[in-house]
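Participant: Sharing a structure with you now.
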Amino acid sequence: MINSVKITKIIFLLSLVQILGTSSKRELEMVQVLFRHGARYTMHGNLLNQDPEQEMLMDNKGQLTEVGMRQLYLLGKKIRKNYIIDQNLIHQQYNKQQIHVQSSNVNRTLQSAQSFMLGLYPIGTGFQIPTGVKSELLSPPSFTSSESDKELLNESFINNQALPSGFYPYPIHSLGNHDHILNPPCPAEDEIEEKQYQKSEKLIQEEINKYTQEIHTITKKLNIKGNFVAKNITKIQDIINTQKYRGIDYGITEDEYQLVMYLKAYVKILQQFTFDYSRLISAPLFNFIFGHFDNKINDETSLKMIIESTHDSQIMPMLVMLQLINAECLKADYDNETNYCQKFPPFASNFIFELYSVSKDEYEIQIKYNGNYIKVCGDKIFCNYKEFKNQILKKIVSMEDYPNQCGLTAESNFGKQDKKSYIPVWIVVFIVILILVIIGLVIYIKKIQNDFNIHYDRFKNVVSI
């Protein structure tokens, strides 16, 4: 008779076989990486009237710093290791059939994308000039036989790489200033934000009033003059945070730093990133992500990796929609020194969306935020893709309602790129042919009328005779 221990072992072995059998079928099909740009210069240098660097800070307003470049470069290196080296998802050299890079049309996000790509495809992974290409074909037509031009041609390239050190110029795509995916222009945003602030003003003011003395001390250290307004806490945080990444702390203590970081997040989530606003502004981005996954599932694309360079204004709504942050949780975490919810997204914060095939018609999704898998279906870190997609689509604003709720008009070019409008050639040809046919018909009808008039006149003459 089989004892209970043997039964337990058998059950365990059967379970293990089932788990291994299931996992062996699970295959990574596509990865989408969405990141906030790296550390930048402050947006509010105008408040630092006594700072000798004020002019420089204002000249570089919002630009990516050297630290920001390093952050995204290292993120690119990590993604290369995880998905190119370890999992062999895409080629170790750039292949446009496998990867698409998209950025908002802002310097700091474009440069962040460039920095990321240099980590993903580092120096030395570029392509070589094919053997047999004549040397005179390598120079542009403007080169002459002058000594100065000859000197330029004498540069040596290791292994005959196309560019020095084997660098590759990665294509980075942008939808221009009408980008409703990575940097949505929403005319109704100011009105929405003001209404939300009016609803939450009492809560915001009460929370800030609790730290009046601390805020006064902080503004004094920054040498900021004038009366403090509750809304200005986000500007003060911006100065302190961005300058910290430049090695300047103004004597701000760690407790003071954590306070302004908390207040910034608390104010922003009540004033701007409410559930209603987040479900509106994140709709195009979620649809963009689902669109690429659907194309992969339907075998309509060869792409395996999508890179998206964006702003905190898109990371925050996604945190809200994925239920990773809210005002109550932020307050409880700060008051109790706990860490149950996410904070305001730091520079280079990133989401990684992984699509796995489980069987012929079944797919699963897993999501990482800043390196850690998040729970997407209850307590599970993986979820049936269709189930997850339907959950999100029920939450966010439909793309049919989005333009109206965002206050967009026909002139706002929703869904269009910043490029000159054009008419397809076939339409032009069709219109030309149609015009020629109409002209021909008009001429033909006139000829018939003329012939009729001539014959009619002759008939009248005969009758009169």
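Participant: Here is the link list: 96/150; 244/343; 199/264. Which ones come out longer than 25 Å on Cα distance?
Facilitator: Exceeds cut-off: 96/150.
Participant: While we're on this one: Let me have the relative contact order for the chain, percent, based on Cα pairs under 8 Å that are six or more residues apart.
Facilitator: 23 percent
Participant: Which of 195/225; 61/235; 268/394 have a Cα-Cα distance over 19 Å?
Facilitator: Working: 195/225 29 Å; 61/235 13 Å; 268/394 24 Å.
In this structure, 195/225; 268/394 lie more than 19 Å apart at Cα.
Participant: Using DSSP to define loop residues, name the trypsin sites (Lys or Arg not before Pro) in the range 339-407 whose beta-carbon has at most 16 other beta-carbon atoms within 10 Å.
Facilitator: 360, 375
Participant: Among (i) 27.1; (ii) 23.7; (iii) 23.0, find the value of Kirkwood radius over Cα pairs in Å that was calculated from the structure presented, and write down its label.
Facilitator: After the calculation, the listed value that fits is (i).
Participant: Sort 377, 341 so that the residue with the fewest other Cβ atoms within 10 Å of its own Cβ comes first and the one with the most comes last. Provide the component values of the computation, followed by the final result.
Facilitator: Working: 377 14, 341 18.
So the ranking, lowest neighbour count to highest, is 377, 341.
Participant: Helix-only mean residue ellipticity at 222 nm, the chain, DSSP H runs n ≥ 4 weighted -39,500 (n - 2.57), per residue, nearest 500. What is it?
Facilitator: Result for the chain: -15500 deg cm²/dmol, rounded to the nearest 500.
Participant: Moving to a separate point now. Once Lys and Arg get +1 and Asp and Glu get -1 on their Cβ, which of 431, 123, 133 lies farthest toward the positive end of the dipole of the chain?
Facilitator: 431
Participant: Something else: State the extension gain, in nm to one decimal, for the chain segment bounded by residue 446 and residue 162, taking 0.36 nm per residue of separation less the distance between their alpha-carbons. Walk me through the numbers before you get to the answer.
Facilitator: Working: separation 284, 0.36 × 284 = 102.24 nm, distance 6.68 nm.
Once the chain is fully extended between residue 446 and residue 162, it gains 95.6 nm.
Participant: State the Cα centre-to-centre distance between the range 267-300 and the range 94-138 in whole Å.
Facilitator: 28 Å
Participant: Which longest uninterrupted range of the chain lacks any GluC sites (Glu not before Pro) assigned by DSSP to a loop state (not H, G, I, E or B) and surrounded by at most 16 other Cβ atoms within 10 Å?
Facilitator: 156-299
Participant: Just flag the trypsin sites (Lys or Arg not before Pro) in the range 52-125 sitting in loop per DSSP whose Cβ has no more than 16 other Cβ atoms within 10 Å.
Facilitator: Answer in residue order: 61, 96.
Participant: For the residues 353, 143, what sequence is obtained by ranking on other C-beta atoms within 10 Å, fewest first?
Facilitator: 143, 353
Participant: Ok, one more. Once the other residues with Cβ under 14 Å from the Cβ of residue 129 are scored (Lys, Arg +1; Asp, Glu -1), what is the net sum?
Facilitator: -1
Coordinate-derived values only; no laboratory data. Bear in mind that the values here come from a model prediction, so they are computed numbers and not experimental data. Cβ coordinates were reconstructed from backbone atoms using ideal geometry, including for glycine residues, and neighbour counts include every protein chain displayed.
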